[in-house]
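Novice: Got a structure for you, questions after.
The values are calculated or read from the model by the stated rules, or taken from the named source; none is laboratory data. This one's a predicted model, so the numbers in the text were calculated from it and none came from an experiment. All Cβ positions, even for glycine, are placed from backbone atoms using ideal geometry, and neighbour counts span all protein chains on display.
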């Protein structure tokens with residue numbers, strides 16, 4: 001599914017500020033597919049309810065690079 005996109009933008013909404021979008025950064029799709037294979041295992045030994053690619057926020061590129 002990710003192959004349809006060139007980049008993935010990571011962001012969040014705070015519960016207290018649903019009217020404001022907080023961009024965290026971005027990463028190219030090919031980097032995510034290559035370096036972050038989907039898994040359902042959490043770092044603490046538990047399991048996520050479904051598989052995802054665990055990208056650390058420290059690996060994200062600054063959103064300002066896109067502007």
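Novice: Checking residue 61 against (1) surrounded by 11 or more Cβ atoms within 10 Å (Cβ to Cβ); (2) touching a residue at least 40 places away in the same chain (Cβ under 8 Å), only one condition comes out false. Which one?
Specialist: Here residue 61 clears every test but (2).
Novice: Also, I was wondering about something else. Could you check the range 35-45 and list, in sequence order, the residues that are out of contact with any strand residue (DSSP E or B) (no Cβ under 8 Å at 6 or more places or on another chain) and at pLDDT 95 or above? Even if it seems obvious, please write down each step before you answer.
Specialist: Taking the range 35-45 as the starting set, the residues that turn out to be out of contact with any strand residue (DSSP E or B) (no Cβ under 8 Å at 6 or more places or on another chain) are 35-37, 43-45.
Listed by number, the list holds a single entry, 35.
Novice: Limited to the range 18-58, what total is found for residues that are free of Cβ contacts under 8 Å to residues at least 12 places away in the same chain, closer than 20 Å to residue 1 by Cβ and under 12 Å from the mean Cα position of the chain (by Cα)?
Specialist: Going through the range 18-58 one residue at a time, the tally reaches 1.
Novice: Go through the range 4-58 and report how many residues are in contact with a helix residue (DSSP H, G or I) (Cβ under 7 Å, 6 or more places away or on another chain) and surrounded by fewer than 11 Cβ atoms within 10 Å (Cβ to Cβ).
Specialist: Total satisfying the criteria: 1.
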